[in-house]
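To start, the structure itself, in structure tokens.
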Amino acid sequence: MLFNACHKGNSYTVDRHNGINAAGLIYDRKGGTHKNNAKTFLMLQIENHLSPSTLEEAYETLTSVPGSLVLGGCGYIRLGDRTISNAIDLSNLGLNFVHGTKSEVEIGAMTTLRTIETDALCQSLWHGLLPRSVENIVGVQLRNCVTIGGTVAGRYPFSDPLTALLALDARLQFYHYGEISLEEFFTGQGLKDILVKIIIPKRGQIGAFQSVRRAKTDYAVLNAAVTKTGDDYRIVVGARPGRAVLVPEASDYLSSNGLNETTARKAGNIAAASLQFGDNPRGSGEYRKAICPVLIARALMEVHHAA
Amino acid sequence: MQLETTINGRNVTLDFAGGEFLYETLRRYGYLSVKQGCDTSSCGLCTVWLDGKPALSCSTLTARVAGHEITTIEALQDDAREFAEYMVAEGAEQCGFCSPGFTMTVLAMKRELDNPDEAAINHYLAGNLCRCSGYKGQMRAIKKYMGVA
């Protein structure tokens with residue numbers, strides 16, 4: 001597909017998958033530029049866009065055709081320079097739902113983050129932990145696009161909802177593999193499979209989510225989620241910048257010593273001492289380690305007051 | 001590739017390349033209100049409505065809009081003009097490049113929220129960036145437009 005482009009008075013005919021970069025140089029997706037050696041732009045090419053009508057069809061395509069990829073909400077797909085032979089779109093499989101049973105909540109993989117944010121059932125459970133974990137992700141427009149399944153399958157280390165889901169002890173239902181805990185999924189090698197739904201137990205958990213961000217819509221410098229079920233606690237820290245992890249040492253300490261302002265602070269210190277933090281452009285490991293106890297203590301006290 | 005969809009109430013057939021995003025297709029078909037901004041899903045300039053909900057056309061693959069309803073500001077001229085009068089009255093416009101996407105989000109907010117307070121307005125519009133205005137004039141205009149001032 002060709003189109004005409006103009007840059008600084010010069011006209012070019014450019015293929016859709018080529019373009020003109022900021023310096024006015026024609027680039028192509030095979031790595032070349034027509035003048036000098038300017039860097040090639042990141043481009044996405046999809047050879048086939050498939051909308052399977054069954055999960056079996058989606059799974060067969062994913063596992064039998066090299067270069068196949070399941071599409072989530074596509075919030076990040078454009079940031080990679082890649083060619084996808086078969087883009088598998090699950091939009092027609094009825095996976096956009098939030099269902100509640102007596103003991104669980106099931107969230108379909110294609111449910112958008114905006115749906116989770118505004119869904120009455122999600123808002124009514126866990127002291128609003130799950131909606132609160134998605135409400136600051138960029139803007140309404142992006143949250144109307146991106147899906148919880150894409151977030152989970154991507155295992156993004158910077159993710160807010162993954163921290164919350166781990167605190168809620170979520171399980172994942174894959175089409176072929178069956179069920180796996182989110183915790184196990186995080187520590188494993190990943191699965192070449194179709195994520196169908198996320199299953200969250202209803203155990204009367206009270207939850208809280210905290211994060212520090214440089215700007216309202218930026219990724220978190222650090223996030224933390226806490227749930228309390230009776231005398232049991234699940235404390236999770238994410239965006240360290242590594243993937244979200246449980247902190248059993250801090251949870252055990254609270255289960256033994258009870259929750260008050262002093263023990264909340266102590267649990268935060270235990271967590272900070274037992275976790276590894278790293279540097280990235282949003283913050284240093286040292287800074288993350290310093291704010292970790294504060295976020296955990298705030299989340300714990302929120303849970304304490306809500307109980 | 002080819003698909004059938006609805007743009008501003010009209011059934012259309014779109015030709016597009018694999019991997020093409022909706023804002024690219026819309027602009028090629030003449031819907032020039034849809035701006036290319038950050039290209040990283042951050043600024044909201046490319047906001048359109050997809051089935052009545054605001055969505056980023058820079059994060060929506062064109063292949064995915066088959067059978068859906070796309071709305072751009074070209075179809076909302078009367079509503080947009082009404083809102084623009086509030087913006088002008090508050091001196092909230094500067095370069096105007098973000099205005100189409102911004103207006104699409106404001107009009108969606110008016111449909112979705114009842115009597116939002118300033119915090120709710122800020123939250124709903126967090127995905128729209130304006131590099132000129134500082135947002136104060138826009139907030140005054142929005143509150144008056146929404147009838148919550």
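Worth a mention:
- The stretch A:43-93: C-alpha gyration tensor shape, a/c 1.5 cut-off, then a/b vs b/c: oblate
- Spatially, the stretch A:198-224 and the stretch B:57-121 are offset by 29 Å when compared through their Cα centroids.
- Degrees separating the helix B:136-146 axis from the principal Cα axis of chain B, which is the longest one: 80
- Rounded, prolate or oblate (a/c below 1.5 giving rounded, otherwise prolate when a/b exceeds b/c) for the stretch A:101-227 by Cα gyration tensor: rounded
- Normalised contact order of the stretch B:76-146, rounded percent, pairs of Cα under 8 Å and 6 or more residues apart: 55
- Each residue of the stretch A:269-275 was assigned a 3J(HN,Hα) from its phi angle through the Karplus curve 6.51 cos²θ - 1.76 cosθ + 1.60 (θ = phi - 60°); the sequence is 5, 4, 4, 4, 6, 9, 9 Hz, with glycine and proline shown as x.
- Tensor-based shape of the stretch B:48-117 (alpha-carbon gyration tensor, a/c under 1.5 rounded, otherwise prolate or oblate): prolate
- Annotation for B:GLU112 and A:ASP218: the two label points, set 7 Å from Cα along the Cα-Cβ direction, are 2.5 nm apart.
- Shown for the protein assembly as shown is the translational diffusion coefficient from the Stokes-Einstein equation, using the Kirkwood radius over Cα pairs, a temperature of 4 °C and a viscosity of 1.567 mPa s: 55 µm²/s.
- Residues in the stretch B:85-114 that a label on B:LYS136 would reach, taking backbone N under 11 Å of a point 7 Å out along Cα→Cβ: none
- Beta bridges by DSSP in chain A, antiparallel share as percent, to the nearest 5: 80
- Fraction of antiparallel bridges per DSSP, chain B only, in percent to nearest 5: 85
- Taking amide H positions as modeled 1.01 Å from N, with prolines and chain starts lacking one, the residues under 5 Å from A:VAL70 and 5 or more places away or on another chain are A:ILE88.
- Exposed trypsin sites (Lys or Arg not before Pro) absent - longest run of chain A, DSSP non-H/G/I/E/B, at most 12 other C-beta within 10 Å: A:103-213
- Semi-axes of the equivalent ellipsoid of the stretch B:1-130 are 26, 15, 14 Å, computed as sqrt(5λ) over the eigenvalues of the C-alpha gyration tensor in descending order.
- Once the Cα atoms are used to define both axes, helix A:55-64 deviates from the longest principal axis of chain A by about 60 degrees.
- Helix A:285-306 axis, angle to chain A major axis (alpha carbon atoms, nearest 10°): 50
- Here the relative contact order of chain A, from alpha carbon pairs under 8 Å that lie six or more residues apart, stands at 12 percent.
- Along the stretch B:34-51 the Karplus relation, 6.51 cos²θ - 1.76 cosθ + 1.60 evaluated at θ = phi - 60°, assigns HN-Hα couplings of 7, 8, 8, x, 6, 6, 10, 6, 10, 9, x, 5, 8, 4, 10, 9, 10, 6 Hz to successive residues, with x for each Gly and Pro.
Every read-out reported here was derived from the displayed coordinates using simple, explicitly stated rules and does not represent laboratory data. Remember, it's a predicted structure, so these values are computed and weren't measured experimentally. Virtual Cβ from ideal backbone geometry, glycine too; neighbours counted across all protein chains shown.
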